[in-house]
Structures are given as C-alpha cells and as structure tokens.
Amino acid sequence: MIILVVDRATMQNKNYKEDFLLKFGENFGKIRRSKSLSFRSLSQKCDIDYADLNKIERGKRNITLTTIIELARGLDIHARELFDFSFTLKDLEK
C-alpha cells in the first residue's frame, strides 16, 4: 500500500522521487528473492534485460507502466503487489 502525504515543504525536497524508486526497488527485490529468481532467470521470463533489472532493484532506473507489467508477468504476480509498501512523503523531510 502506498501512502502519500504531501505538503509544500516536502515538495521542495527533490529527493522524494529517488527515495520512492529505492522503496520500489527494495520491494521488487524482496519479491524476486522470495521466488528464488536471479536477474538472469527473471530476464528470461520477461522482456527486460538482466542489467536493467539490477538497476531497477537498486533504485537507479525510473520505469514505465509497461515495464511494471513486464515485471509482474515475469514474477507471476499482480502489478499492484509491486507497490505494496509504505511511503510517506512527510517522513522524507530532511
């Protein structure tokens, strides 16, 4: 579940995007590992290069909706499971 609490001060913090990518990547990695899939084996199940999968998991790649669908297909899950994590923008104020 994604929880977004937005205020003006937080919107000034540009790191919230990077923080969201890191949280998404952590959740993606947790799911991938729970299914005992390496980057290469997952790459064979979906149309995403294994090096890109690594970047997604490390929060270094901002992905598209079609990539989310490919990830879900390769992991054999519903796409919403990739977003099953808490993320409160207010907590990211620095």
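Does Lys17 satisfy being under 15 Å from Ser86 (Cα atoms), at pLDDT below 95, assigned to a helix (DSSP H, G or I) and open to solvent by 30 Å² or more (accessible area, probe 1.4 Å)? Break it down into steps so the answer makes sense when it comes.
Working: under 15 Å from Ser86 (Cα atoms): yes; at pLDDT below 95: yes; assigned to a helix (DSSP H, G or I): yes; open to solvent by 30 Å² or more (accessible area, probe 1.4 Å): yes.
Taking the combined requirement at face value, the residue satisfies it.
Among residues belonging to the stretch 70-90 that are touching a Cys at 6+ places or on another chain (Cβ under 9 Å) and not basic (Lys, Arg), point out the one that is surrounded by the fewest Cβ atoms within 10 Å (Cβ to Cβ).
Looking only at the stretch 70-90, we keep the residues that are touching a Cys at 6+ places or on another chain (Cβ under 9 Å), and these are 70-75.
Next cut, not basic (Lys, Arg) only: 70-72, 74-75.
Working: Glu70: 19, Leu71: 24, Ala72: 17, Gly74: 20, Leu75: 20.
Here the answer is Ala72.
A quick yes/no check of all residues on (1) within 16 Å of Asp84 (Cα to Cα); (2) modelled with pLDDT of 95 or more; (3) in a loop (DSSP other than H, G, I, E, B):
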{"residue": "Val6", "(1), (2), (3)": "no, no, yes"}
{"residue": "Glu26", "(1), (2), (3)": "yes, yes, no"}
{"residue": "Gly29", "(1), (2), (3)": "yes, yes, no"}
{"residue": "Leu37", "(1), (2), (3)": "no, yes, yes"}
{"residue": "Arg40", "(1), (2), (3)": "no, yes, no"}
{"residue": "Ile69", "(1), (2), (3)": "yes, yes, no"}
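Counting only residues that are open to solvent by 30 Å² or more (accessible area, probe 1.4 Å) and touching a residue at least 24 places away in the same chain (Cβ under 8 Å), how many does the stretch 20-36 have?
Step one: of the stretch 20-36, the residues open to solvent by 30 Å² or more (accessible area, probe 1.4 Å) are 20-23, 26, 30, 33-36.
Keeping just the survivors that are touching a residue at least 24 places away in the same chain (Cβ under 8 Å) gives 20-23, 26, 35.
Of the residues in the stretch 20-36, 6 are open to solvent by 30 Å² or more (accessible area, probe 1.4 Å) and touching a residue at least 24 places away in the same chain (Cβ under 8 Å).
Quick one: count up the residues across the stretch 44-62 that are without any contact (Cβ under 8 Å) to a residue 24 or more places away in the chain and either of a type outside the set (D, E, K, R) or in a loop (DSSP other than H, G, I, E, B) (or both). Talk me through it step by step, then tell me what you get.
Our first condition is that a residue be without any contact (Cβ under 8 Å) to a residue 24 or more places away in the chain; within the stretch 44-62, this holds for 44, 47, 49-55.
Add one more test, that the residue is either of a type outside the set (D, E, K, R) or in a loop (DSSP other than H, G, I, E, B) (or both), and what stays is 44, 47, 49-51, 53-54.
Within the stretch 44-62, residues that are without any contact (Cβ under 8 Å) to a residue 24 or more places away in the chain and either of a type outside the set (D, E, K, R) or in a loop (DSSP other than H, G, I, E, B) (or both) number 7.
The values are calculated or read from the model by the stated rules, or taken from the named source; none is laboratory data. No experiment lies behind these values; they were computed from the predicted model shown. Every residue, glycine among them, receives a Cβ derived from its backbone with ideal geometry; neighbour counts consider all protein chains shown. Just the protein is used for accessible areas: all its heavy atoms, side chains included, with ligands, DNA and RNA removed. Shrake-Rupley method; radii C 1.70, N 1.55, O 1.52, S 1.80 Å.
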